[in-house]
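To keep things clear, I will list the structure first and then write my remarks on it.
The values are calculated or read from the model by the stated rules, or taken from the named source; none is laboratory data. This is a predicted model, so every value here is computed, not measured. We place every Cβ from the backbone using ideal geometry, glycine too, and count neighbours over all the protein chains shown.
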Amino acid sequence: MTKREDKITEKKFNQLKGTEADLVRDLQKVVQEPTKEAELSDDIFNNHQAWLKVIMPNYSPEIHLGIIKGYETDSRYESYYDDKAGKGATKILIRIVKQHLAK
């Protein structure tokens, strides 16, 4: 792989930033108003999945579930989402992803 292939393109970088902003915004809404979870569940899952697909061309539901299991055991992930979207955001994300992947 050349150095050029290692670098993320500006388009992908902007896509990642936009997708993450949408994810965080929706998680914030659910943290502030838990009754919105059902309404925003699909968007939250789809944004998390889309973000992973940009950085992981080999994305699979199994990989997604593995990452979510990592969120449950690594406090850095909990801090990451909770700091951005509010306390409890990571647990909401975990629950939503697990529900969608169980379908």
Inset, instruction - Collect the residues in region 27-50 that are hydroxyl-bearing (Ser, Thr, Tyr) and touching a residue at least 40 places away in the same chain (Cβ under 8 Å), keeping them in residue-number order. - result: 41
Legend entry - Residue under evaluation residue 90, criteria (1) touching a helix residue (DSSP H, G or I) at 6+ places or on another chain (Cβ under 7 Å); (2) within 20 Å of residue 8 (Cβ to Cβ), criterion not met: (2)
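Of all residues being over 13 Å from the mean Cα position of the chain (by Cα) and at negative phi in region 75-95, which is surrounded by the fewest Cβ atoms within 10 Å (Cβ to Cβ)? Just the residue, please.
As a first pass, look at region 75-95 and keep what is over 13 Å from the mean Cα position of the chain (by Cα): 75-76, 79, 83, 86-88.
Still in the list and also at negative phi: 75-76, 79, 83, 87.
Details: 75: 10, 76: 8, 79: 11, 83: 12, 87: 11.
Only one residue fits best here, namely 76.
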Legend entry - Flag if residue 24 is aliphatic (A, V, I, L, M) and touching a residue at least 60 places away in the same chain (Cβ under 8 Å): yes
Legend entry - The one condition in (1) closer than 15 Å to residue 100 by Cα; (2) touching a helix residue (DSSP H, G or I) at 6+ places or on another chain (Cβ under 7 Å); (3) at pLDDT below 95 that residue 15 fails to fulfil: (1)
Inset, instruction - May I ask you to list the residues in region 51-87 that are touching a residue at least 40 places away in the same chain (Cβ under 8 Å) and farther than 15 Å from residue 23 by Cβ? - result: 61, 87
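Take residue 87 and tell me if it is outside any helix (DSSP H, G or I) and at pLDDT 95 or above.
On the way: outside any helix (DSSP H, G or I): yes; at pLDDT 95 or above: yes.
Yes.
Condition check ((1) surrounded by 11 or more Cβ atoms within 10 Å (Cβ to Cβ); (2) of a type in the set (Ser, Thr, Tyr); (3) not in a helix (DSSP H, G or I)) across all residues:
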| position | (1), (2), (3) |
| --- | --- |
| 21 | yes, no, no |
| 35 | no, yes, no |
| 39 | yes, no, no |
| 62 | no, no, no |
| 97 | yes, no, no |
